[in-house]
Amino acid sequence: MSDGTYDLVIENGTLVTETGLEDADLGVADGKIAAIGARGTLSGEETLDAAGKYVLPGAIDPHTHHGIYNSLESDADTESRSDLVGGVTTIGNFFRRPGAYGDIMDDYFEEAEANYRHDYFFSLGLLSFDHVAEIPRIIDELGITSFKWYMNYKYAASEKFGVDCDMLDDFGDAFIWTLAEQDVPTTLGYHSENVEITNALAGGNPYIESESDDPPGESDETYEVFLEEFPDYAETQSMVAGASLARQHDYDDSFYAVHVSAGRTADELANLQEAGYELTGETCTHYLALTAGECDDRMKVNPPVRRQADQDTLWERVADGTISCIGTDHCANRTDEKIGATIRDSKLGFPSSATMLPLILSEGVNEGRIDLERAVAITSTNTAKAWNLYPKKGTIRVGSDADLAVVDLEETKTVTPELLQSGGDYSIYEGRSVTGWPTQTIVRGEIAYEDGDVLAEPGTGTHIDRPV
């Protein structure tokens, strides 16, 4: 910046800050927010007129799985392109490999750095005691401070990944103890699932009457089978057990329950918080925007989309602060690899990052379930805090990265794969009218998306080393 002129000035918009709505202009210099001033008081080499629109901190999707169905190189390119359409400026990639992370991550960083169009961070899935022993090296050498414990791999890790560990509670105990011993903030993402229950229920639950409307013998071909096979209480019990173990190591303030799908899990999360547990809960947009009766093979995911009562409770818990973050569990697969001969043969996951913010605006803000400030908190600010990115990311304040989404709350678009520009060739929301979309997405001060066109080139994003 020279002579009071900023690289970019966003004028005439309403800023959504941590203290509320502010009618002000925003100046950007060297990729950071450099000034917030009264309208008409800032001058820039480039200006963006946001009249009638809201300026939000860029959305952060902390829960993606890039490099699962495709190479990381491919996903970094296509999915960051899609993210920009939906106002996402940072993603967290849950990444799991059986080898020593200190030895293998350089190659993955090289693929990522050359192809992401926005910033990103890795959260590593630990699969063995060797991985646990690596935690200090991962933090010091790789700048990665967030991890995941996959309870769904209990008893299966050795066969699935070829590791000498079945990820039992002794593994989890060592995992949490080691994280708690580190001298920098860390985060543990926890997949809540009691596999001793869900494995036993594979093929049907003999203890409860099926709620499916399908004739006997046909429910195996419908989505209902997954609600019976992955019951809500198996998620809830596991979440409580994991949180309790974390608390024994004074680590509950860094315990993050991913993809909470069940109303009773959200309610139990509230009970724990009231009892003094400092836990973070995340739900996903598919649990807030869909119910099981609407779902088919495309929506197959673990945990499954549940019933209307679950959705209603999740929205209530988002509104009251119990659930403080939104993710998507995004996987960029294509129809020909996703859909099998039967729903049991179909694969897990679907592309969805680009619809995260629009759905929260459409189904949350525009439907009166939450206000705009709460929408920003759950899609950006709280997420940045939970994953140790704040205040670099997640807020509109001087000194923070100029990651921004300029949003028209009244713009309605029909979701199509072409609109979203993902590597996936379908959307689970295809044909749905969604109101509230970014008109521009800005990454570190550069306009990366504008009115349907992705402008950022592959390689303009970078890894966020933590602690920041």
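The values are calculated or read from the model by the stated rules, or taken from the named source; none is laboratory data. What you see is a predicted model; the values in this text were computed from it and never measured. Positions of Cβ are generated from backbone atoms using ideal geometry, with glycine treated the same way; all protein chains shown enter the neighbour counts.
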Residue hits (the stretch 131-157; in a loop (DSSP other than H, G, I, E, B) and out of contact with any helix residue (DSSP H, G or I) (no Cβ under 8 Å at 6 or more places or on another chain)) are G143
Can we say L359 is closer than 30 Å to D336 by Cβ, in contact with a Ser or Thr (Cβ under 6 Å, 6 or more places away or on another chain) and in a helix (DSSP H, G or I)? yes
### Message
Among the residues in the stretch 410-420, are any in contact with a strand residue (DSSP E or B) (Cβ under 7 Å, 6 or more places away or on another chain), not in a strand (DSSP E or B) and not assigned by TED's automatic domain parsing to the domain that holds L288?
### Response
no
When T19 is run through (1) closer than 22 Å to E373 by Cβ; (2) touching a residue at least 12 places away in the same chain (Cβ under 8 Å); (3) among the hydroxyl-bearing types (S, T, Y), the failure sits at (2)
Residues in the stretch 221-239 that are of a type in the set (D, E, K, R) and either part of a loop (DSSP other than H, G, I, E, B) or touching a residue at least 40 places away in the same chain (Cβ under 8 Å) (or both) total 4
Taking the stretch 428-440 and keeping only residues that are touching a strand residue (DSSP E or B) at 6+ places or on another chain (Cβ under 8 Å) and farther than 13 Å from L8 by Cβ, one is left with I428, G431, R432, S433, V434, T435, G436, W437, P438, T439
Among strands (runs of 3 or more DSSP E) entirely inside the stretch 25-68, those with 1 or more residues being surrounded by fewer than 20 Cβ atoms within 10 Å (Cβ to Cβ) are 25-29, 32-37, 43-49
Looking across the stretch 325-359 at residues that are in contact with a strand residue (DSSP E or B) (Cβ under 6 Å, 6 or more places away or on another chain) and of a type in the set (G, A, S), the single one that is surrounded by the fewest Cβ atoms within 10 Å (Cβ to Cβ) is G327
Item to complete: Look at A24 and say whether it is aliphatic (A, V, I, L, M) and assigned by TED's automatic domain parsing to the domain that holds A112.
Response: no
Exercise for review: Looking only at the stretch 440-460, decide whether some residue is in a strand (DSSP E or B), at pLDDT 95 or above and over 20 Å from G31 (Cα atoms).
Suggested key: yes
Residue set T64, T41; condition outside the structural domain of L348 (by TED's automatic domain parsing) and either without any contact (Cβ under 8 Å) to a residue 24 or more places away in the chain or among the β-branched types (V, I, T) (or both); output residue T41
If we keep only residues of the stretch 368-389 that are assigned to a loop (DSSP other than H, G, I, E, B) and touching a residue at least 24 places away in the same chain (Cβ under 8 Å), then the residue nearest to the chain's Cα centre (by Cα) is W387
Condition set not hydroxyl-bearing (S, T, Y) and not in a loop (DSSP other than H, G, I, E, B), scope the stretch 330-350, selection nearest to G92 (Cα to Cα): answer is H330
Going through (1) more than 22 Å from Y287 (Cβ to Cβ); (2) surrounded by fewer than 19 Cβ atoms within 10 Å (Cβ to Cβ) one by one, S433 fails only at (1)
Scanning the stretch 152-175 residue by residue, those under 22 Å from the mean Cα position of the chain (by Cα) and surrounded by 22 or more Cβ atoms within 10 Å (Cβ to Cβ) turn out to be Y153
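One line per residue, one yes/no per condition, for (1) outside the structural domain of T187 (by TED's automatic domain parsing); (2) closer than 30 Å to R432 by Cβ; (3) charged (D, E, K, R):
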{"site": "M239", "(1), (2), (3)": "no, yes, no"}
{"site": "Y251", "(1), (2), (3)": "no, no, no"}
{"site": "V260", "(1), (2), (3)": "no, yes, no"}
{"site": "R264", "(1), (2), (3)": "no, yes, yes"}
{"site": "L269", "(1), (2), (3)": "no, yes, no"}
{"site": "Y277", "(1), (2), (3)": "no, no, no"}
{"site": "T283", "(1), (2), (3)": "no, yes, no"}
- Query: Is it the case that P303 is outside any strand (DSSP E or B) and out of contact with any helix residue (DSSP H, G or I) (no Cβ under 7 Å at 6 or more places or on another chain)?
  - Reply: no
Among residues of the stretch 368-381 being within 21 Å of T313 (Cβ to Cβ) and in contact with a Phe, Trp or Tyr (Cβ under 9 Å, 6 or more places away or on another chain), the residue surrounded by the most Cβ atoms within 10 Å (Cβ to Cβ) is I370
Of the candidates V365, V443, the one satisfying the condition of being aliphatic (A, V, I, L, M), outside the structural domain of T186 (by TED's automatic domain parsing) and either at positive phi or touching a residue at least 12 places away in the same chain (Cβ under 8 Å) (or both) is V443
Requested in this report: Test A202 against the criterion of being aliphatic (A, V, I, L, M), modelled with pLDDT under 95 and in the same structural domain as A332 (by TED's automatic domain parsing), and give yes or no.
Outcome: yes
Filtering the stretch 263-294 for residues that are over 24 Å from I60 (Cβ atoms), outside any helix (DSSP H, G or I) and touching a Lys or Arg at 6+ places or on another chain (Cβ under 7 Å) leaves a count of 1
